[in-house]
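Let me begin by presenting the structure, written as structure tokens, before commenting on it.
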Amino acid sequence: ELCKYKSQLDVFQVDAQLAIGPVFARHLGHRMYRGEYYYMQSDAHVTFTREWDVDVISQQESTKNEMAVLSTYLTDITGSIDANGNSRRDTRPIMCNTDYEDGQNNRYL
């Protein structure tokens with residue numbers, strides 16, 4: 001079997017002719033939430049590294065805040081993953097000179 005955890009995944013497929021964009025797709029994904037302890041949403045073009053789930057759960061638990069939201073701007077895959085599927089990076093992309101709300105002086109978001 002391709003995925004031994006398939007029974008734990010929820011998949012909602014939409015015919016390409018009926019798809020109306022990524023924002024609506026994310027809305028549909030959000031509507032599938034049913035109180036799971038962990039909830040994650042990603043786009044189809046995301047490539048996961050080995051033990052990504054252990055890493056993300058560790059990051060979430062390190063916040064010591066069950067309401068914390070982890071978010072990221074994904075890095076380029078080129079040169080980021082070794083032949084064994086492990087990440088070669090220990091940094092994250094930083095969005096510089098970004099202003100989301102007037103009056104906020106956040107250097108890095």
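If you find the alpha carbon centre of the range 50-90 and of the range 1-24, how far apart are they in angstrom?
22 Å
Around residue 80, which amide H atoms from residues at least 5 apart in sequence, or from another chain, sit under 5 Å from its own amide H, with H modelled in the peptide plane?
Amide H neighbours of residue 80, under 5 Å, 5+ apart: none.
Looking at the range 1-75, I'd like the Rg to Rh ratio, where Rg is from alpha-carbon atoms and Rh is Kirkwood's inverse mean 1/r.
Taking Rg over the Kirkwood Rh, I get 0.97.
Can you work out the accessible area per residue across the range 20-67, with the rest of the protein chains kept in place, probe 1.4 Å, in square angstrom?
So the range 20-67 comes to 90 Å² accessible per residue, rounded to a whole number.
Residues in the range 22-51 near a label at residue 74, defined as backbone nitrogen under 12 Å from the 7 Å Cα→Cβ point?
Of the residues in the range 22-51, 41-49 have backbone N under 12 Å from the label point off residue 74.
Stretched out fully, how many nm does the piece from residue 38 to residue 91 gain, at 0.36 nm a residue minus the Cα gap?
Full-extension gain reported as 16.7 nm.
The values are calculated or read from the model by the stated rules, or taken from the named source; none is laboratory data. Note that the coordinates shown come from a computational prediction; the quantities given were computed from them, not determined experimentally. Cβ atoms come from the backbone with ideal geometry, glycine included; neighbour counts cover every protein chain shown. In case anyone asks, the SASA skips ligands and DNA or RNA and just uses the protein heavy atoms, side chains included. Shrake-Rupley method; radii C 1.70, N 1.55, O 1.52, S 1.80 Å.
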